[in-house]
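Below you'll find the structure, written out as structure tokens, and then a few comments.
The values are calculated or read from the model by the stated rules, or taken from the named source; none is laboratory data. None of the values given here were measured: they were computed from a predicted structure. As a convention, Cβ positions derive from the backbone with ideal geometry for all residues, glycine included, and neighbour counts pool all protein chains shown. Accessible surface areas use protein heavy atoms only, side chains included; no ligands, DNA or RNA. Shrake-Rupley method; radii C 1.70, N 1.55, O 1.52, S 1.80 Å.
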Amino acid sequence: MQALIIFSGEELGNLEPCGCYEGQIGGISRRHTFINSFVKQKNIILPVSLGDLSKGYGRQEEIKTEILGRAMQEMGYVLHSLGEKDVETGPQLLSYLSQVNNTTFLASNVKIIAPFPMKVHQYVLKEYSHSEYSFKIAFLSILSKSFSSASIANYVNIYEPVQALKPLIKRLHDKVNIIVLLSHTPKEESIEIAKFFPEIDLIITGHDIEDPQDSIIYVNNIPIVSPGKGGKYIGIARYSIQRNATKRMSVDIIPLDRKYKDSEKMKLLLEEYQRMLKEEDLLSKVSQVSLPDGLAYAGSSACGICHKMIYDHWSKTAHGVSYETLVYSGHQYDPECIKCHTTGYGYVSGFLNYEENQNLINVGCESCHGAGSFHIRNVNETSYSLTDENICETCHDSEHSPGFERNEYWRRIVHPEETLTNLPKVMK
């Protein structure tokens, strides 16, 4: 018999790979498939979450947190350790999740002071009995005091981790086979905790660890391991359970790549997420920033009146059909996706929704060259259209386009050369 502790954390709102490039990893659909691959085996499966379901504030992050809570319930998670971003979402949302999704919140050194029905456990104890053995495992959790902020000070107390853990570990040490600590702290703090508490058997830790596979270390023979961030990896610690002893077999971090097929249940949940974004019309509720000097977006078709050769070429590039890729994947109502697949989203006169701004779909001329209203009124002003690779990196960042290389990408979209002979008369 084995006990499998499966752990994730720091999803930061990443429900699925965005699909911007080949080879992306992660997502709740693949995670569900991974966990289900062990369910049919006659083992103890204990999925746990390190914390930080969302990455910030706002209605979209609240919806993501709800969806992730429902996903974890479907996957059989036994607990969720509170991270600082979970706490920042506010006690109302946490209370809602604890009731609707029956989420068990764990935080050994955190106390939430709020008039909402919600319980945060200092520890979670699981016991399994068999004719040949009895197995008990205790989960503890800490949140680093360094993550405290003014925004949560009114309703959250974070206590010194070592002092909070001392009485709990003393109480549990002789009563359980394994003690697992979910340490929502920088890795350095977890190392110090391992030195102080040799009674701990496993520490799941990490904050902003990009490559968790290379970050596993051992202190006092205690594995200190992170699931990374963004939901790209899943961790698994295997223990063999025998009549007289429980022994650690292995600790691994596994990338959720294409070999794990998408779970049908999670695909339905992700479709529901997109429906919620559409029904609440989050696209149209974005805050719009004013452009300088009274500028406004005109749309690529306006540019095409004079720059027909360039317009015709652009319309056949990936930029020219970028909105269609969202429609094909069902993400055309997702504010996080739309900003890099339309023109001017988030700015006054920029894209707001398809019904009102069909002229601003796709990554248009003004996405790179700036709002064109002044240029249209002053066609002989030559300073317009200057741009550089910093504009490209607004969307082609390390998360969505890690292989971005400006010269190579420019080759794919380079404009045909215009001359005075092929320009319309209005431009001559």
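Could you check the range 130-147 and list, in sequence order, the residues that are farther than 17 Å from Lys166 by Cα and open to solvent by less than 10 Å² (accessible area, probe 1.4 Å)? Residues satisfying the conditions are Phe135, Ile137. Where strands (runs of 3 or more DSSP E) fall wholly inside the range 30-125, the ranges with 1 or more residues that are under 22 Å from the mean Cα position of the chain (by Cα) and not aliphatic (A, V, I, L, M) are 44-49, 79-81. The test for being over 29 Å from the mean Cα position of the chain (by Cα) and either surrounded by fewer than 11 Cβ atoms within 10 Å (Cβ to Cβ) or at pLDDT 80 or above (or both) does not hold for Glu399. The residue that is farthest from Gly370 (Cα to Cα), among those in the range 312-336 that are open to solvent by less than 30 Å² (accessible area, probe 1.4 Å) and touching a Leu at 6+ places or on another chain (Cβ under 8 Å), is Asp334. Within the range 341-351, the residues that satisfy the criterion of being assigned to a loop (DSSP other than H, G, I, E, B) and touching a strand residue (DSSP E or B) at 6+ places or on another chain (Cβ under 9 Å) are His341, Thr343, Gly346, Val348, Gly350, Phe351. Checking the stated criteria, Leu277 turns out to be touching a helix residue (DSSP H, G or I) at 6+ places or on another chain (Cβ under 9 Å), of a type in the set (A, V, I, L, M) and at pLDDT 95 or above.
Residues in the range 337-368 that are over 13 Å from Leu283 (Cα atoms), of a type in the set (Ser, Thr, Tyr) and surrounded by fewer than 22 Cβ atoms within 10 Å (Cβ to Cβ): Ser349 alone. If only one of Ile152, Ile137 is part of a strand (DSSP E or B) and either among the β-branched types (Val, Ile, Thr) or in contact with a His (Cβ under 8 Å, 6 or more places away or on another chain) (or both), which one is it? Of Ile152, Ile137, the one residue that is part of a strand (DSSP E or B) and either among the β-branched types (Val, Ile, Thr) or in contact with a His (Cβ under 8 Å, 6 or more places away or on another chain) (or both) is Ile137. Note on the range 369-391: among residues that are of a type in the set (A, V, I, L, M, F, W, C) and open to solvent by 40 Å² or more (accessible area, probe 1.4 Å), the one that is farthest from Tyr345 (Cα to Cα) is Val379. In the range 266-277, the residues that are farther than 9 Å from Ser29 by Cβ reach residues that are of a type in the set (Phe, Trp, Tyr) with C-beta atoms within less than 9 angstrom, at least six apart or across chains, in these pairs: Gln274/Tyr333; Arg275/Tyr333; Leu277/Tyr333. Listed by first and then second residue, the pairs linking a residue in the range 4-20 that is in a loop (DSSP other than H, G, I, E, B) and open to solvent by less than 40 Å² (accessible area, probe 1.4 Å) to a residue that is modelled with pLDDT of 95 or more and polar (S, T, N, Q), with Cβ atoms under 7 Å apart and 6 or more places separating them unless they lie on different chains, are Gly9/Ser49.
From the list Leu106, Leu125, Leu68, the lone residue that is open to solvent by less than 30 Å² (accessible area, probe 1.4 Å), in contact with a Phe, Trp or Tyr (Cβ under 9 Å, 6 or more places away or on another chain) and at negative phi is Leu106.
Among the residues examined, Lys166 does not qualify as in a strand (DSSP E or B) and of a type outside the set (Phe, Trp, Tyr). Give the residue that is modelled with the lowest pLDDT, with candidates limited to residues of the range 71-87 that are out of contact with any His (no Cβ under 9 Å at 6 or more places or on another chain) and either open to solvent by 40 Å² or more (accessible area, probe 1.4 Å) or over 24 Å from Pro186 (Cα atoms) (or both). Checked the range 71-87; the qualifying residue modelled with the lowest pLDDT is Lys85.
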